[in-house]
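The values are calculated or read from the model by the stated rules, or taken from the named source; none is laboratory data. The shown structure was predicted, so the numbers you read here are calculated from the model rather than taken from an experiment. Note: ideal-geometry Cβ built from the backbone for every residue, glycine included; neighbour counts use all protein chains shown.
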Amino acid sequence: MADLSVIQKFFRTSLQDKFGEPERIKTFLRSAILRIRRQGKTDKYEYPYTLINPHELSPAPVGLEEMFLVGESWKEPGGKKPIALLVGFNDWKFGFVADFLSDYRCAFAPMKKNYFFFAGVIRAMIEKPKIVYIWGYNEPYFLLSYLKKKNIAYARVEDGFVRSAQLGAIHTTPYSLVFDYSGVLHYDHSAQTDLEDVLNHYDFQSNPKLLQQAEELISLLCRLGISKYNPPLTTENDPFKKFTGKKRVAVIGQVDKDMSMRKGNVDGWTMEDIIEIAAFENPTSEIIYRPHPEIYKGLHKSKTRLSRVQKICRLASPEEGLPQFLDGIDHVYVVTSLSGLEALLRGKKVTVFGAPFYAGWGLTDDRATLLRRKRQLSLAELFAGSYLIYAKYLGALDDSYIGLMAAIRRISADRIVITQKTHKSLVNETPRKDVLKSTVQSSYWPAFLFAKKGQAHENFDELICQAPFHRTLKAPGCRIYQSVLLHAVCGVLNSDDARNRFLNKVRQFIAPDIYADFLTRLGKIRPKNTDAIQWAWLLEQLKEVPKSFELMEAQYNRTGLAADDNDDGGPAPSEPLPQTLEQVALLYSMCERAVEHRDYEKALDHVLTLMLNGNLHSGLLLPAIKIADLTFDTTSVRLLSDMLKYANISGHNNAGVNYHVECLSTTPGDETLEDILESFSLQLVLNPDRVNRTLARLNEFLGRSNAAALSHAILAMDGSRSVRLANAWLELSRPQKALTIMTELIEMGDRSDTALVAFSRALAGVGDYQRAVQVMEQAVARDPCKATYTELLRLLKILGHFETAHQHFLESVDLQIDLPLEGPVMPIFFGLRQIERGFRCFLNTAMRDRLIAYYGAEKYQNSEELQMEDLLLICDFGPAEEIRYSVLLSEIGDRFGYDTFSLCCDPRLLPLLSRSFPQVRLTPVRRTREFSAEFPHREFDRLPGADLRRVLDNNGHEAVEKADKIMLFTEIIWHFRKDYSDFKRTPYLKPDPVKASAFRERLPKNTRLVGLSWRSQLTNAMRNVHYLDIEELEPLFALKDITFVNLQYDDCEEELDWVRERYPGKIINLEDIDQYNDFDSVAALMSNLDLVIGPGTAVIELAGATGTPGLLFSNHGETWWREIGPERSDVWYECVRLLRGDPGDKSSIVAALVEEVENWSKQNPKPVEGHVARNFSG
C-alpha cells in the first residue's frame, strides 16, 4: 500500500492544479460534500432530480460552487440559456421548479442563507444571473435592496390554484405554480400584483376563445369536484343534505398566521368575528364552521376557540373534500381563503371580509374597501385571468388550457388511486364498524371483500349486505360477473344466515341458470348448507310452485333431524369441503391449462370452485376477466375489472385499470364521455408505458391533436424515474427524455431486464446504435432471456448486421430460449437472402395454434403435405401484406385449379381483387385488433373465441364451418417463393378505368403529380423508425414543378394545413376519397400519378401492384432484402425503388428522397398536356 502522506500530497497537488488557491479548494470540497449528502435524499422525493457538479460543466459557472445546480438546461452544449438564482426553495421542490423554469439554468440556494451569502455568490459570478426567483416571502433581509442596486430582476413563486390531490406538506408535486414579477404575490394587497394588473386591464372581450375555454374548464372543475387540494373521498356524498329546506351558511376557517391572512386581512378580522356576523345576518339558517385542517387537528394555535364557537354553529370536519362540502352549502363567508373562489365557481353566494384577488370585481359581497379594482368582471373573465393567464401548468408550460385540463384530469386520477389505498388501509387497520361502513357502502366495497387473502374480515358477515350490489348487477348481460360475485362473497361468508341474507338481496338480479349453477356448486362444495330456501325461491320464479313447497318441507324435516344430532341445538355448520394446498395449486394449474386450450367453461368452473372454497384473493379475478373477454361478455369484463380496481388498484401490474380501458370502446353509449376520459387519465397515470394504445383509443373521442396534447401533458407532470415512464416517452417520440430517465436508473444500479432493454431502446432512439448494441450484448452475456435477445436482434436487424443476428439467434436456440420465428427471426433469414427459410417461419405462429385449438387439428391443412380440394385461405395480416401476397392467387389457381380454394379477403379490397382475379372465390371478412364502434361485437360474436377477431368475423366463421380444410394464407407462400428467381415483379391489380378517367379530369395538368404518404395509421416507438413527420419532409415541398397528392389515410388535416400554410397549392387532398376504406378509388387515383412516395405501408404496395412508379423509403435493414441490383428496384415490384437512410438519422432519408426526386424530374420533363409517361429509371 502506498504511503498515506504520498496519497495526501498527490490529492492536494491535483486540486491545486485544478482550482489554484487553497480557499477555492475548500469551497470545492465543501460543495462536493454538500452535494453528496443532498443527492442521497433526492431520489426519494416524488419528483426526484440529479444535482449537477459545476466543475464538470464546460464552461464551468464561476461563483456557483455552493449552489445546487438542477435541470437539463445545464447539460445543453454551450450553456446559452440565462442563469436564474432560486431563493427559499426546500430541496424537495428543486426538480419540478427546474422543469417549470426550463428556459433557465437553475441554481438553488441552500436554505437559511443570509444577505452576505447571496451578495458573495453574485459578486463571484462572471456570468451574472438574469433573474432571482423567491419562494413566497422567504428571502433574507436586504436581499431585495441588493438586487435593485445591481439591477437584477426578481419574481416570487407560489403554488397555483389547482395544485394536487394531496397536501404539499407531504411533498407532493404541484401541477401548477404562479410566478409574479411585480414584487408581491396575488394574496398580498399592499401593492398591485401581476394578477391584479391582468384583471384590471386585459381585454377579455377581444379573446372569445379564451372565455370559451374558461367556461369549459369551470364546468370541468365543478363536474369532477376538483379544487386546490383534493384529499381521498372516503365517504359518499350525501345527496339529501341540500333538501332539508333550511339555508346552510358556511364559514371557512384559516390559520391566523397564514400568509394570505397576514397580507390580505386588511381590517384584522378573526374567524370568531366572521362566525358571529354570519349567525347575526342569517338568523334562520344553519351556520357551519369548517376550520382549517391544521387548526382542527390542533397543529396550530388560533384565536378562535372551537369549544366557544360551537355554541352558535355546527363544526364540519375539513377532511371532507371542499367541493363535496360546498355541494350542500348556500352561502359562504371567508376572509381571504381561496375557498371563496371555489364557492363562487360553483354558483354560491360569497361574502368576503379581506382582500383576496377574486374580490372587488362585482362577483362577491365585499366588506373591505378595494379601491384599486376598477372593473366589473364576469366569472369566466375572472377565471381566465387567474387560472389561464396568471398560473402556469407543469404539463403544458406554453398552453394553459391544455395544462389546466391535464392537471384536473391527473388530479382526479391521483385522487382515485389514493382513495382506493385509503379504503384498503381502513379495512385492514380498523375494526370500527362505523368507519368500515363508509367503505362497504361505496364503490370501493371490493376492498372489504378482498381485504385479507383467503380470510374473511371479522365484520364481513354483518356488513357486506350494505354494499351497493344493485349498481352493478342491474347492468345487462354480465353473466360471468354474476357468477363471480355469488361465489366470491359466499365463499367468504361464515354463517348460513349471513349467506342467505346476501342471496336474498341479490338473487332478483341474477339470471336463473346462473343462480341454479351456483346453488348446485354450493351444494357440492358445502354439502351441509341449508340452501333449500334458495332452491325453492328459484323454482317459484320458474313457475314450479309445487316443487318449491315439496323442497321446503323436505328441508324442514332434515333440519329437525340435524338439530337432534347437534349439541348446540342449532343447524349443522356449513363448512366447505377441505382442500389441501396441493389441491388448490392443482386447481390453479388446471384453470391456466383450460384457458390455454380454449376450454372456457372448465376454466371458469375451476375459478368459481376456488372462490367458493374460500380461496379468495384479487388475483383470481384475472382469469375470470380473461374468460369474459374471450367469450364476448364485455359487460363482465368492465365490471370485473372495476372490482379488481377497487379491490387493489395497483395490484397485478395495475391490471384492473388496464382491462377497463381496453373494453371501453367496445361498449359505446354505456359510459359517459366523462367516465371514459377518467379511465384514460387513470391509465396514463398507472400504466404510462401503454400510452400509445391509450392514445389510439383516445383519438376516437378527442381527435388526434387534442388526444396527443392531453396525453403528453398528463405524463409531463410525472417526474418519477421508472422504466414505464421512459417507455412512455419513447412511444411519444421523446427519446432524449427517456434516455435521461434510464441513464439515472442505470446509474442507481437497476440491472433488470426491463431496465436494460428500455436503456437500449432509448439509446437507439437518439441514434446511438453502437452503445445500444453493446448494452444488449452485455445483457445477453450476463443473463440471457427472451426480452434481451429480442431487443438485441431488433437492433442488429435495423443496422443490417444479419450474420451477427443469426449467430445470436443460434445462441438463443442452444439456451432453449423460445423466440417467435414470425417476428424476431424471420427478417434475419430474409436479410441473409434465404427466401424459402424466411417464409417457412410462417409455419409456426400463435394464430395457427389458436385456429387448431378452436376448430381442431383435423380441420387444419398441413402445409408440408399440401392438398387443395376445398381449402379456405385465411389472412393473418393487414391490407399491405394482403395486396403484396395477392400476386400468388393466379399462381395458386394455375397450379391447383381455381375451384380448389377460396380466400378470406378484406372487404375494402374486394372490388379490386374481384376485378383482378375474377376466377378466385372471395369471402369478405372484416378483421380487427380490438373491438370498437367501427368493429362492434355483433359482427364477431359467433366466433368460438374473441381472440380470432384478428383473422375472422361472423362471415369468416361461417366460411370456416363450410370448408373442408382451412389454412393461413401465409403458410402457402413458401411453395411459390423459394428464391429470387420466383418473383414475377409485374403489375397484377387492375384499377377501375371509369374511376381513373374521372380522377384524370379533376387533377391539374402541366405539372408532375407525386402521391405522398409518410406513416402508417398504427404508430409506436418500434414502428416509428420507418416513418417521417410532415415537417421532416419540408425539403421535398421546396422542389419546383411538382404537385403532391395526399395519400395519407388517417386523420392528417392539421399536417396538411401545415403544408398549405407554408407552400400554398403544393399539395392536393381529394376529400371525397375515403383513403382508409376505399382502396378501389385510391388505386384509380394512383393510375393518374407520375410517382408515389411512402414508407412500407399499403400505399406503396398498392402503387407497385398497380404498376405506378414508387419510392419506398426506409432506414431499417429489414427492407434491404427486397433490393434487386444496383438500382435497388423492389423484389416484388419492378416499378418501385428502395431508398436507404442511415439508421437513426431520418434527415438522411429526406436527403436521399430529394436527390432522387430531383434526378427523376430531370429525366421526366414537365408535361404540356396531361401527365408524364410513367417510366422510372435510375
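Answer with yes or no whether A713 is under 19 Å from Y175 (Cα atoms), in contact with a strand residue (DSSP E or B) (Cβ under 8 Å, 6 or more places away or on another chain) and part of a helix (DSSP H, G or I).
So A713 fits the description; yes.
Give me the residue from region 1152-1178 that is polar (S, T, N, Q) and modelled with pLDDT of 85 or more and, out of that set, surrounded by the fewest Cβ atoms within 10 Å (Cβ to Cβ).
Ranking the qualifying residues of region 1152-1178, first place goes to N1159.
Quick one: how many residues across region 792-818 are in a loop (DSSP other than H, G, I, E, B), of a type outside the set (A, V, I, L, M, F, W, C) and free of Cβ contacts under 8 Å to residues at least 40 places away in the same chain?
So the answer is 2.
List the residue pairs whose Cβ atoms are under 8 Å apart, where the first residue sits in region 42-70 and is among the charged types (D, E, K, R), the second is in a loop (DSSP other than H, G, I, E, B), and the two are 6 or more positions apart or on different chains.
D43/R721; D43/M748; E46/H171; E46/T172; E46/T173; E46/G719; E46/S720; E66/P110
Taking helices (runs of 4 or more DSSP H) that fall entirely within region 479-593, which contain at least 3 residues that are basic (K, R), under 41 Å from the mean Cα position of the chain (by Cα) and at pLDDT below 85?
Helices (runs of 4 or more DSSP H) meeting the threshold: none at all.
Output yes when any residue across region 1098-1114 is under 38 Å from the mean Cα position of the chain (by Cα), crowded, with 17+ Cβ neighbours inside 10 Å, modelled with pLDDT of 90 or more and acidic (D, E), and no when none is.
yes
So R598 fits all but one of (1) within 20 Å of I514 (Cα to Cα); (2) not in a helix (DSSP H, G or I); what number is the exception?
Failed condition: (1).
Scan region 274-284 and give yes if some residue there is hydroxyl-bearing (S, T, Y) and modelled with pLDDT of 90 or more, otherwise no.
Checked against the condition, which is being hydroxyl-bearing (S, T, Y) and modelled with pLDDT of 90 or more, region 274-284 yields at least one hit.
Of V440, V417, which residue is within 20 Å of V657 (Cβ to Cβ), among the β-branched types (V, I, T) and surrounded by 16 or more Cβ atoms within 10 Å (Cβ to Cβ)?
From the options V440, V417, the qualifying one is V417.
Looking at region 1115-1147, which of its residues are of a type in the set (S, T, Y) and at pLDDT 90 or above?
Matches in region 1115-1147: T1119, S1129, Y1133.
Would you check if S425 is at pLDDT below 90, surrounded by fewer than 19 Cβ atoms within 10 Å (Cβ to Cβ), in contact with a Ser or Thr (Cβ under 6 Å, 6 or more places away or on another chain) and part of a helix (DSSP H, G or I)?
Answer is no for this residue.
Starting from residues that are buried (at least 20 other Cβ atoms within 10 Å of the Cβ), within 17 Å of L843 (Cα to Cα) and modelled with pLDDT of 95 or more, keep the ones in region 865-887 and report whichever is farthest from the chain's Cα centre (by Cα).
Result: L871.
Of these, S914, S902, S890, which one is more than 36 Å from the chain's Cα centre (by Cα), surrounded by fewer than 17 Cβ atoms within 10 Å (Cβ to Cβ) and either in contact (Cβ under 8 Å) with a residue 60 or more places away in the chain or part of a strand (DSSP E or B) (or both)?
Testing whether each residue is more than 36 Å from the chain's Cα centre (by Cα), surrounded by fewer than 17 Cβ atoms within 10 Å (Cβ to Cβ) and either in contact (Cβ under 8 Å) with a residue 60 or more places away in the chain or part of a strand (DSSP E or B) (or both) leaves just S890.
Given the criteria at positive phi, modelled with pLDDT under 95 and part of a loop (DSSP other than H, G, I, E, B), does R985 qualify?
The answer is yes for R985.
May I ask you to list the residues in region 166-182 that are in a loop (DSSP other than H, G, I, E, B) and surrounded by fewer than 18 Cβ atoms within 10 Å (Cβ to Cβ)?
L167, H171, Y181, S182
Being modelled with pLDDT under 95 and aliphatic (A, V, I, L, M) is true for just one of L792, L796, L756, L745. Which residue is that?
L745
How many of the residues in region 1070-1083 are buried (at least 24 other Cβ atoms within 10 Å of the Cβ) and in contact (Cβ under 8 Å) with a residue 60 or more places away in the chain?
2
Among helices (runs of 4 or more DSSP H) lying entirely in region 604-707, which contain 3 or more residues that are in contact with a Leu (Cβ under 7 Å, 6 or more places away or on another chain) and under 25 Å from I418 (Cβ atoms)?
By residue number, 634-647, 655-662, 673-686.
Mind checking which helices (runs of 4 or more DSSP H) fall wholly inside region 717-791 and carry at least 1 residues that are more than 24 Å from the chain's Cα centre (by Cα) and buried (at least 19 other Cβ atoms within 10 Å of the Cβ)?
Correct list: 769-782.
Identify all residues within region 998-1012 that are among the β-branched types (V, I, T), part of a loop (DSSP other than H, G, I, E, B) and within 43 Å of the chain's Cα centre (by Cα); write none if there are none.
Once the filter is applied, which keeps residues that are among the β-branched types (V, I, T), part of a loop (DSSP other than H, G, I, E, B) and within 43 Å of the chain's Cα centre (by Cα), region 998-1012 yields nothing.
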